[in-house]
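**Student:** Have a look at the structure that comes next, please.
The values are calculated or read from the model by the stated rules, or taken from the named source; none is laboratory data. Predicted model only: the values in this text are computed from it and were never measured. Cβ placement follows ideal geometry from the backbone for every residue including glycine, while neighbour counts extend to all protein chains displayed.
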Amino acid sequence: MIIVIIPVAILLFIILCNKLPKIGGNIYVALVTTAIVSLLLGGIFNPVDWVKALIDGVDRIAWVMCLAIFGSIYSEAQVKLGTVDTIMSALQSRFRNSPRGLVVCVVLVLVLAGSLLGDAIAAATVVGVLTISTLVTIGLSGEAISAIIVMGAAMGSIMPPMTQALALASALVNTDPDPVFMWGYPTVGIIVVVVCIYIVFFMLRKVKKPEVNDDRKASQIIAQNWKTLIPLCGLIVVVFFRTVNTSWKFDLMPWLLGLIPVGEGTFYTLLQGIPVIKGLSNGIVLCIIFAIILCFFFPKVRKDAGNVVKGGLKSVKNTLLIQLGAAFMLGSFYAAGQIEAVQEFAQGLNPNVLMLGGAAAMCLLGMLTGSQTTTQNVVFSFFGPALVQAGMVPTFAALAGAFLAMSGQGMPPADLTTFVVVGIVGGATNKKVDPIKSMFYSMPMCIAMLIMALVVMYVT
């Protein structure tokens, strides 16, 4: 495990020690340095292999980079159209005298969006982007805004009915998902309450009332500006139908792209087969592109298309550099054996330390990959059945596994949701937003999920 501990320690040291000459606090330098150290510790000295690690890392998170690009363009289009003004004016009108009530409302809306969309990044992109300007007016930093959006979206993504984490965990322990989902509502609900209390009492101690210069009621604002909500509603609809687990399920954009013949296949299959470029074939990315197309049907956006695209790309430039560094680090972790080391660590556990050791392995892998799906597939695929063999009810084993994976995913240094959101927040505020600092703001939510997993494992 030393090959895991040393790179992560160096990463945190560079980021947290601002007094280091020239490189202190530089997240990009920290990510690249960590990647190089991990490669050297893994015995990889050939620069060609370093390039391969970079390409592999970019290929793994290409869809995240695409989402950052198109999410930023979508954000610019929504601002130009006035969607942001409509929604936030309505919220401000309803909570004009209570900034804390406004923020709690924002969190609950994000939880609801996440529970319907089933994906934290989708919820953060679809809904979170619309809350940024209002959160800025009450005096919150970019890191705090990003953390609030990430926490709300992450809690929503594990809340039934559309929850990838609980569904995957149920499948890995071969149990009926319905009871797992039933327990998901109260357990996630408890975490939502705890996080809202944390936000109100610890993150909002020095906030001011939102700036409201509109005497209209919320219902009047929506009635007068409902057309500006069409692209947003269209995005929610297409994402909902691509994730719903019923006979209604329909993935619009892949279906449309699948109608375009290219060689022996279709344009969609062509996209899926090209390394890095295949990030464009991601379902959520395609949904965002669909929403952008809807925005361009409005003359206000279409007439200023050049500035909308240019503004979106300019806003996401710094984020892409950070994501490139994160991709290099992730690819290096896979190439140099850090991921394999964590897996072997978990597999070598004896029954006496199965629960705590397995929990630690899942959290650590989640921290390294920023993905609950990877964590569950790599660790919980054997840790879950081991819990069942040790006597745990499969329903609660699945519930614990989902919380552990979500907990590790949100912790520093590689939470993909945070990397996406800080780019959008940074672009909207025109300020540098530190993703690692934002992840530390989100840590209480991760700790709450970890505690909930331990309670489920030891009490049930």
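**Student:** For K432, state whether it is touching a residue at least 24 places away in the same chain (Cβ under 8 Å) and outside any helix (DSSP H, G or I). If you could, list the steps in order and put the result at the bottom.
**Tutor:** Working: touching a residue at least 24 places away in the same chain (Cβ under 8 Å): yes; outside any helix (DSSP H, G or I): yes.
Yes, satisfied.
**Student:** Exactly one of (1) farther than 30 Å from F70 by Cα; (2) out of contact with any Cys (no Cβ under 7 Å at 6 or more places or on another chain); (3) not small (G, A, S) is unmet by I436. Its number?
**Tutor:** (1)
**Student:** Residues T137, T175: which one is more than 20 Å from the chain's Cα centre (by Cα), of a type in the set (S, T, N, Q), surrounded by fewer than 24 Cβ atoms within 10 Å (Cβ to Cβ) and modelled with pLDDT under 85?
**Tutor:** One residue alone meets the criteria, T137.
**Student:** Considering the range 109-167 alone, what residues qualify as being farther than 19 Å from W63 by Cα and among the charged types (D, E, K, R)?
**Tutor:** Passing the criteria: only E143.
**Student:** I'm told A53 meets every condition in (1) surrounded by 22 or more Cβ atoms within 10 Å (Cβ to Cβ); (2) modelled with pLDDT under 85 except one. Can you identify the failing condition by its number?
**Tutor:** Failed condition: (2).
**Student:** Being within 26 Å of T163 (Cβ to Cβ) and in contact with a Leu (Cβ under 6 Å, 6 or more places away or on another chain) narrows it down to one of A113, A123, so name that one.
**Tutor:** Among A113, A123, only A123 is within 26 Å of T163 (Cβ to Cβ) and in contact with a Leu (Cβ under 6 Å, 6 or more places away or on another chain).
**Student:** Counting only residues that are in contact with a helix residue (DSSP H, G or I) (Cβ under 7 Å, 6 or more places away or on another chain) and surrounded by fewer than 24 Cβ atoms within 10 Å (Cβ to Cβ), which one in the range 325-343 is nearest to G358 (Cα to Cα)?
**Tutor:** Q343
**Student:** Something else about it: Give the residue that is surrounded by the most Cβ atoms within 10 Å (Cβ to Cβ), with candidates limited to residues of the range 437-460 that are among the β-branched types (V, I, T) and modelled with pLDDT of 90 or more.
**Tutor:** V456
**Student:** Do the conditions hold for P412, that is, is it surrounded by fewer than 24 Cβ atoms within 10 Å (Cβ to Cβ) and touching a Phe, Trp or Tyr at 6+ places or on another chain (Cβ under 9 Å)?
**Tutor:** Details: surrounded by fewer than 24 Cβ atoms within 10 Å (Cβ to Cβ): yes; touching a Phe, Trp or Tyr at 6+ places or on another chain (Cβ under 9 Å): yes.
The answer is yes for P412.
**Student:** Can you tell me which residues in the range 109-142 are touching a Lys or Arg at 6+ places or on another chain (Cβ under 7 Å) and over 21 Å from Y74 (Cα atoms)?
**Tutor:** Step one: filter the range 109-142 for residues touching a Lys or Arg at 6+ places or on another chain (Cβ under 7 Å), giving 138-139, 142.
If the condition is that a residue be touching a Lys or Arg at 6+ places or on another chain (Cβ under 7 Å) and over 21 Å from Y74 (Cα atoms), then I138, G139 are the ones that fit.
**Student:** If we keep just the residues of the range 160-183 that are part of a helix (DSSP H, G or I) and of a type outside the set (A, V, I, L, M, F, W, C), which is nearest to G370 (Cα to Cα)?
**Tutor:** Q164
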